[in-house]
Amino acid sequence: MVEILAMILSLISILAFTYVVKYLNKQGSSHNLPNGSMGWPFIGETLLFLKPHKSNSLGSFLQDRCSRYGKIFKSHIFGSPTIISCDYEFNTFILQNEGKLFPVDYPKVMHKILGKYALILVTGEVHKKLRSTVISFVSASKSESNFLHFVEMLALSRINSWGSNCKQVAFYAEAKKFAINVMLKHLLNMNHDDPLASKILDNFEKYIKGFISLPLNFPGTIYSKAVKARLRLSSIIKDIIVKRRKANNSMEEVDLLNLILSKENLSDEEMVSIVLDLLFGGYETTSKLLSLIVYFLNGAPDALKCLKEEHEMIRKSKTEGDLLNWEDYKKMEFTQNVINEAMRCGNVVKYLHRKASKDIKFKEFVIPSGWKVFPVLLAPHLDSNNFENPLEFNPFRWNVCCIGQDKKVAPFGGGPRLCPGADLAKVEISFFLHHLILNYRWKMKANDDPIAFPYVEFIGGLLLDLQPTTTTFGKQHA
């Protein structure tokens with residue numbers, strides 16, 4: 001009986017797939033579609049597309065398809081016919097025409113985790129309003145002395161906690177602790193030892209795990225736990241909003257919540273979404289990028305030497321006990337080169353979800369209306385037409401930047417959806433690196449390459465053997 005049922009299901013699958021293929025071929029018959037393969041029944045090529053690989057590589061799926069079909073090819077991903085682009089020019093065209101020709105189109109299962117007003121989902125005037133609020137906050141705070149001093153003190157607190165003896169540190173976990181505590185303070189004026197902070201962190205860990213889980217909304221699944229965690233986080237932030245309002249928003253220090261409470265055009269749900277978006281973005285961007293930098297510098301002694309010299313010069317210009325300021329940050333030019341190169345090689349974000357709003361012609365191709373479009377952001381980063389020896393981590397390539405080369409690095413999207421918090425991440429990372437490289441040398445305990453899963457992860461935790469340096473500057477104290 002089981003065998004008969006299996007045969008019937010297989011037959012239904014084959015017939016359904018045949019129908020879908022015929023439908024797609026008919027739909028595309030009047031279009032000059034890129035070459036490609038639609039894969040297996042129903043699942044298409046989704047599993048192959050999502051197969052984990054080193055984040056500083058294209059992965060076998062993209063490498064194989066690009067060699068067979070070219071940098072723009074068709075496939076069937078996440079249940080939809082899809083155009084996948086590893087072409088810099090087409091990616092730029094997609095990002096520049098966001099909202100007009102290529103609106104965002106994330107899978108519906110993501111909406112339950114992200115919420116109705118998530119910045120990557122909303123469009124039109126709502127997107128402009130929420131993004132404007134975030135940008136105004138980032139612009140006002142990134143150079144503000146209280147923020148800079150808090151970031152540095154928190155970095156020192158984490159680094160000082162490692163002690164003066166040679167010690168093994170799970171650096172990825174340390175980077176995450178640093179990043180999340182910066183964001184809690186900056187967004188909600190909440191210290192890491194606040195009892196509510198641990199509650200937020202616990203739910204936040206469950207929340208972010210849902211982004212790389214199977215979308216099975218049954219009790220006990222990772223996805224189900226993530227959806228519930230998001231609801232609890234929303235409830236916690238709403239409670240904080242209510243208490244802040246009752247206190248007449250009278251805090252002396254300006255945090256994100258103070259700013260959004262002053263905006264009369266924002267609903268409570270939109271406020272909650274802004275906080276969660278920045279909490280997630282600041283946590284993910286900063287922790288992963290900082291970890292990638294430490295990973296790459298481990299195999300780039302010349303770059304590490306140059307980076308250390310830059311920070312030694314900054315420290316020499318200050319008296320003992322002085323904290324860093326905005327002018328010091330602007331002197332960290334090679335540090336910015338290191339960050340740029342780590343973003344290029346590490347590829348924090350692999351691809352974006354877009355959809356063709358109508359039939360769209362690009363060169364010799366016509367993208368049919370309704371087809372999904374995936375610009376693969378990492379592809380131009382690793383293209384030898386854009387960068388010499390693209391697989392090599394080489395921050396010195398940014399010393400004499402080729403015209404337009406910087407624009408070919410798009411780790412956080414582009415166009416009107418360029419990550420608004422990227423500048424904050426760069427400040428936090430620069431200040432942490434300042435004290436890390438002046439106080440420690442490190443070696444990786446084992447080969448722990450960053451893996452696209454599809455988001456960047458260090459499966460082994462990036463274990464480091466730390467040894468104090470012989471620097472004459474000594475340690476600052478938090």
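The values are calculated or read from the model by the stated rules, or taken from the named source; none is laboratory data. Predicted model only: the values in this text are computed from it and were never measured. Virtual Cβ from ideal backbone geometry, glycine too; neighbours counted across all protein chains shown. Accessible surface areas use protein heavy atoms only, side chains included; no ligands, DNA or RNA. Shrake-Rupley method; radii C 1.70, N 1.55, O 1.52, S 1.80 Å.
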Please go through the range 138-175 and give me each residue that is among the β-branched types (Val, Ile, Thr), under 20 Å from the mean Cα position of the chain (by Cα) and within 15 Å of GLY461 (Cβ to Cβ), ordered by number. none
Within the range 176-192, identify whether any single residue is open to solvent by less than 10 Å² (accessible area, probe 1.4 Å), within 20 Å of the chain's Cα centre (by Cα) and closer than 29 Å to PHE49 by Cα, and answer yes or no. no
Residue count, the range 216-251, condition surrounded by 15 or more Cβ atoms within 10 Å (Cβ to Cβ), outside any helix (DSSP H, G or I) and touching a residue at least 12 places away in the same chain (Cβ under 8 Å), comes to 0
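So, restricting to strands (runs of 3 or more DSSP E) that lie completely within the range 62-170, which ones have at least 3 residues that are crowded, with 20+ Cβ neighbours inside 10 Å?
Values: elements: 72-77, 80-85, 167-170.
Answer list for the range 62-170: 72-77, 80-85.
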So which pairs qualify, if the first residue must be in the range 82-95 and touching a residue at least 12 places away in the same chain (Cβ under 8 Å), the second must be small (Gly, Ala, Ser), the Cβ gap must be under 6 Å, and the two must be at least 6 apart or on different chains? THR82/SER75; ILE84/SER75; CYS86/ALA379; ASN91/SER85; LEU95/GLY414; LEU95/GLY415
Just for the range 344-376: of the residues that are out of contact with any Cys (no Cβ under 6 Å at 6 or more places or on another chain), among the aliphatic types (A, V, I, L, M) and over 19 Å from SER291 (Cβ atoms), which one is surrounded by the fewest Cβ atoms within 10 Å (Cβ to Cβ)? VAL366
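Which of the residues that make up the range 330-371 are assigned to a helix (DSSP H, G or I) and of a type in the set (A, V, I, L, M)?
The first filter runs over the range 330-371 and keeps only residues assigned to a helix (DSSP H, G or I), leaving 330, 333-346.
VAL338, ILE339, ALA342, MET343, listed by residue number.
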Is it the case, given these coordinates, that LYS206 is more than 20 Å from the chain's Cα centre (by Cα) and open to solvent by 60 Å² or more (accessible area, probe 1.4 Å)? no
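Considering only the range 145-190, state which residues are among the acidic types (Asp, Glu) and in contact (Cβ under 8 Å) with a residue 60 or more places away in the chain.
Step one: list which residues in the range 145-190 are among the acidic types (Asp, Glu), which gives 152, 174.
The one that is among the acidic types (Asp, Glu) and in contact (Cβ under 8 Å) with a residue 60 or more places away in the chain: GLU152.
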So, in the range 372-387, how many residues would count as being of a type outside the set (Gly, Ala, Ser) and either assigned to a loop (DSSP other than H, G, I, E, B) or free of Cβ contacts under 8 Å to residues at least 40 places away in the same chain (or both)? 7
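Does any residue of the range 46-61 turn out to be more than 23 Å from TYR455 (Cα to Cα) and in contact with a strand residue (DSSP E or B) (Cβ under 9 Å, 6 or more places away or on another chain)?
First pass over the range 46-61, keeping only residues more than 23 Å from TYR455 (Cα to Cα): none.
Within the range 46-61 (the criterion being more than 23 Å from TYR455 (Cα to Cα) and in contact with a strand residue (DSSP E or B) (Cβ under 9 Å, 6 or more places away or on another chain)), the answer is no, since none of the residues qualifies.
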Scan the range 15-36 and tell me whether some residue there is modelled with pLDDT of 90 or more, in a helix (DSSP H, G or I) and either surrounded by 19 or more Cβ atoms within 10 Å (Cβ to Cβ) or touching a Lys or Arg at 6+ places or on another chain (Cβ under 6 Å) (or both). no
Checked the range 274-299 for anything within 14 Å of ASN394 (Cα to Cα) and buried (at least 20 other Cβ atoms within 10 Å of the Cβ); matches are LEU292, ILE293, VAL294, TYR295, PHE296, LEU297
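Test ALA155 against the criterion of being among the small types (Gly, Ala, Ser) and in contact with a His (Cβ under 6 Å, 6 or more places away or on another chain), and give yes or no. Working first, answer last.
On the way: among the small types (Gly, Ala, Ser): yes; in contact with a His (Cβ under 6 Å, 6 or more places away or on another chain): yes.
Yes; evaluated as a whole, the condition is true for this residue.
Look through the range 273-329, keep the residues that are of a type in the set (Gly, Ala, Ser) and not in a helix (DSSP H, G or I), and return whichever of them is nearest to PHE147 (Cα to Cα).
The first filter runs over the range 273-329 and keeps only residues of a type in the set (Gly, Ala, Ser), leaving 273, 281-282, 287, 291, 299-300, 303, 317, 321.
Within this subset, residues satisfying the condition of being not in a helix (DSSP H, G or I) are 299-300, 317, 321.
Numbers: GLY299: 32, ALA300: 31, SER317: 21, GLY321: 18 Å.
Result: GLY321.
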Can you tell me which residue among ASP87, ASP105 is among the charged types (D, E, K, R), under 21 Å from HIS381 (Cβ atoms) and modelled with pLDDT of 85 or more? ASP87
